[in-house]
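First, the structure itself, so that you have it in front of you.
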Amino acid sequence: MTPVNPLKNIKKFPDNFVWGVATSAFQIEGAAAEDGKGPSIWDTFCRLPGVIADGSNGDDACQHYRMWEQDLDLIADLGVDAYRFSVSWPRVRPGGAGKWNQHGLDFYEKLVDGLLVRGIQPYLTLNHWDLPDELQQQGGWAHRDTVHRFVEYARGMAKRLGDRVASITTHNEPWVMAMLGHESGIFAPGIKDRGTAMQVSHHLLLSHGLAVQALRADGVSSKLGIVLNLSPMQPASAAQADIDKTRIEDGCLLRWYMDPLFKAAYPADVMEYLGKDAPAIAAGDMHAIAEPIDFLGVNYYTRGVVSAQGAWDSKSSGLELTDMGWEVYPEGLTELLVRMNRDYELPPLYITENGGAFKDRFEDGRVHDVRRTDYIARHIAAMVDAMNQGVRMEGYMVWSLMDNFEWASGYEKRFGIVHVDYHTQVRTLKDSALWYREFLRKHKAERKTPAKADQIAWANEPATVLTGA
Ligand code: IFM
């Protein structure tokens, strides 16, 4: 299988477009209790029986806390422009409030400087789910005080690193933290209550807006934004019940976050649907949430298909599935981006995560992960299709740099373009990493005439998917 040429129909690329790879602290760092780090809700959650598929935890993960220099060399070797990583809040401020941990701060300081020395732009995320457990004991994200603890944390990190990081993301995927952590309870902290989940979503959004306001007031020059996990929602059939349910599912996933961020209001139909589970909102909250941002990150993996009959079986579509059981559906990315661009006044967009878990075979020192390569190439082509239709994109980041702790799936699911042997911690570039490196090398060589993003003459036709040789 020859991967598609993702940029076939693009004549020029925005000069400022950033290619990267992404990870998060809990999923790779390990060193769960080293050098003064406090426990996060995920450290605690992993101890509960039966919640992680393989019974594992993040104690060691990829030992990135110890191997960070080697990992930065690996990233540099890929030829990417940017590395998206997250800071572990309990590593830098173990109790979530009070004393800061110098060792933790030094670690991120070294990481950022190490990236800059290697010519890689640091894209920092403040909250990729690992809330300090001590804050959870006081009510966690359901408790309004946590909003203010987050703003303090954001200010502390920006004071320390804001002069060197290209961008600061407040939260990664608030829907996941709110709903999987507090409604279904399959993620930390394991609460199962819809009203709590909706209050959490409001507090996450509020803390985002207040943090952006505070960092701006502090004169932080990094680009500020948030990252949402989004999918186009499609009805399983033309039946009215499926169409109605699809509208609500889209409302809960996309409009619940996009409307407050860009229209300063929650969607009325979702508020009505929630009834008593709707969150308490104080005066001024919506205005704070809608504080303008410099970029919006979109994490895209698949579409959602909605049936009023209950959970929809992804196997029934006949589409290729990843090891997560998610349909490979690149055209959904084009559809999503074009729709967002139509319905909202958007800042520049980044694909901050995109990639696939596949069953890899490590043979003779190689991983021939053709399906992952194909997945990535087709999704870049789908992003280009959206760019050709006027969507302003400024970056694309592969999830993930390396195999890592995939939350409730433990280490069983591998998303990396770099293989990790968890016994030896040896890293090996999979074929997808070799392809990405070569793709970037060629693409950069072709970028002869730098042009401003708004002066680009885009090709009219969408990028063609190439199959065969
Ligand atoms: O591994 C996660 C990541 O932490 C957040 N976005 C989705 C990825 C794959 O499930």
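Can you find, within region 310-320, the residue that is most open to solvent (accessible area, probe 1.4 Å) among those that are free of Cβ contacts under 8 Å to residues at least 40 places away in the same chain and not small (Gly, Ala, Ser)?
Of everything passing the filter in region 310-320, Lys315 is most open to solvent (accessible area, probe 1.4 Å).
State which residue is farthest from the chain's Cα centre (by Cα) when the search covers only region 408-422 and only residues that are of a type in the set (A, V, I, L, M) and more than 10 Å from the ligand (Cβ to nearest atom).
First pass over region 408-422, keeping only residues of a type in the set (A, V, I, L, M): 408, 417-418, 420.
Within this subset, residues satisfying the condition of being more than 10 Å from the ligand (Cβ to nearest atom) are 417-418, 420.
On the way: Ile417: 16, Val418: 18, Val420: 21 Å.
That would be Val420.
Across region 275-296, what is the total count of residues that are crowded, with 20+ Cβ neighbours inside 10 Å and not charged (D, E, K, R)? Steps first, please.
Of all residues in region 275-296, those crowded, with 20+ Cβ neighbours inside 10 Å come to 279, 285, 288-289, 293, 295-296.
From what's left, not charged (D, E, K, R): 279, 288-289, 293, 295-296.
Counting residues in region 275-296 that are crowded, with 20+ Cβ neighbours inside 10 Å and not charged (D, E, K, R) gives 6.
Let me ask something additional. Would you pick out the residues in region 165-200 that are closer than 12 Å to Trp129 by Cβ and open to solvent by 30 Å² or more (accessible area, probe 1.4 Å)?
Selection gives Trp175, Leu180, Pro189.
Could you check, for region 65-72, whether at least one of its residues is assigned to a loop (DSSP other than H, G, I, E, B), within 25 Å of Thr428 (Cβ to Cβ) and under 20 Å from the mean Cα position of the chain (by Cα)?
From region 65-72, those assigned to a loop (DSSP other than H, G, I, E, B) are none; that's our starting set.
No, region 65-72 contains no residue that is assigned to a loop (DSSP other than H, G, I, E, B), within 25 Å of Thr428 (Cβ to Cβ) and under 20 Å from the mean Cα position of the chain (by Cα).
I need the full set of residues from region 381-417 which are of a type outside the set (Phe, Trp, Tyr) and within 19 Å of Ser56 (Cβ to Cβ), in order please.
Just the residues of region 381-417 that are of a type outside the set (Phe, Trp, Tyr), to begin with: 381-395, 397-398, 400-404, 406, 408-410, 412-414, 416-417.
Once the filter is applied, which keeps residues that are of a type outside the set (Phe, Trp, Tyr) and within 19 Å of Ser56 (Cβ to Cβ), region 381-417 yields Ser400, Met402, Asp403, Asn404, Glu406, Ala408, Ser409, Gly410, Glu412, Lys413, Arg414, Gly416.
Report yes if some residue within region 295-316 is within 23 Å of Leu124 (Cα to Cα) and away from the ligand (no atom under 16 Å from the Cβ); otherwise report no. Walk me through it before giving the result.
If we filter region 295-316 for residues that are within 23 Å of Leu124 (Cα to Cα), which is where we start, we get 295-301.
Imposing the further condition that a residue be away from the ligand (no atom under 16 Å from the Cβ) reduces the set to 295.
The answer is yes, given that some residue of region 295-316 is within 23 Å of Leu124 (Cα to Cα) and away from the ligand (no atom under 16 Å from the Cβ).
Within 20 Å of Phe262 (Cβ to Cβ), away from the ligand (no atom under 16 Å from the Cβ) and not polar (S, T, N, Q) - does that describe any residue in region 189-202?
Within region 189-202 (the criterion being within 20 Å of Phe262 (Cβ to Cβ), away from the ligand (no atom under 16 Å from the Cβ) and not polar (S, T, N, Q)), the answer is yes, since at least one residue qualifies.
If you don't mind, there's one more thing I want to ask. If I filter region 48-55 for residues that are away from the ligand (no atom under 16 Å from the Cβ) and either surrounded by 22 or more Cβ atoms within 10 Å (Cβ to Cβ) or free of Cβ contacts under 8 Å to residues at least 12 places away in the same chain (or both), do I get at least one hit?
yes
Would you mind finding the one in Asp43, Asp15 that is out of contact with any helix residue (DSSP H, G or I) (no Cβ under 6 Å at 6 or more places or on another chain), in contact (Cβ under 8 Å) with a residue 24 or more places away in the chain and under 17 Å from Pro189 (Cβ atoms)? I'd like the intermediate steps shown before the answer.
Working: Asp15 fails: under 17 Å from Pro189 (Cβ atoms).
The unique qualifying residue is Asp43.
Looking only at region 212-263, count how many residues are more than 20 Å from Thr125 (Cα to Cα), touching a Leu at 6+ places or on another chain (Cβ under 9 Å) and of a type in the set (Gly, Ala, Ser).
1
Looking at Ile226, Ile243, Ile281, which is the one that is more than 22 Å from Asp294 (Cβ to Cβ) and touching a strand residue (DSSP E or B) at 6+ places or on another chain (Cβ under 9 Å)?
Unique residue meeting the criteria: Ile243.
Look through Ala357, Ala377, Ala381 and report the one residue that is away from the ligand (no atom under 16 Å from the Cβ) and within 19 Å of the chain's Cα centre (by Cα).
Going through Ala357, Ala377, Ala381 in turn, just one is away from the ligand (no atom under 16 Å from the Cβ) and within 19 Å of the chain's Cα centre (by Cα): Ala377.
On to the next question. Could you say whether any residue in region 60-68 is of a type in the set (Asp, Glu), in contact with a helix residue (DSSP H, G or I) (Cβ under 7 Å, 6 or more places away or on another chain) and over 20 Å from Thr125 (Cα atoms)?
no
Does Phe13 satisfy the condition of being buried (at least 23 other Cβ atoms within 10 Å of the Cβ) and not in a helix (DSSP H, G or I)?
It is false that Phe13 is buried (at least 23 other Cβ atoms within 10 Å of the Cβ) and not in a helix (DSSP H, G or I).
Right, another one. Residues in region 297-305: is at least one surrounded by fewer than 19 Cβ atoms within 10 Å (Cβ to Cβ) and not in a helix (DSSP H, G or I)? Let's see the steps before the verdict.
The first filter runs over region 297-305 and keeps only residues surrounded by fewer than 19 Cβ atoms within 10 Å (Cβ to Cβ), leaving none.
No, that holds for no residue.
Checking the structure you have, find out if any residue of region 321-332 is in contact (Cβ under 8 Å) with a residue 40 or more places away in the chain and assigned to a helix (DSSP H, G or I).
yes
Considering only residues that are of a type in the set (Ser, Thr, Tyr) and either on the phi > 0 side of the Ramachandran plot or open to solvent by less than 60 Å² (accessible area, probe 1.4 Å) (or both), which ones fall in region 220-256?
Ser222, Ser231, Ser237, Thr246
The values are calculated or read from the model by the stated rules, or taken from the named source; none is laboratory data. Predicted model, so just to flag it, every value in this text is computed and none were measured. Note: ideal-geometry Cβ built from the backbone for every residue, glycine included; neighbour counts use all protein chains shown. Surface areas here come from the heavy atoms of the whole protein model, side chains and all, with no ligands, DNA or RNA. Shrake-Rupley method; radii C 1.70, N 1.55, O 1.52, S 1.80 Å.
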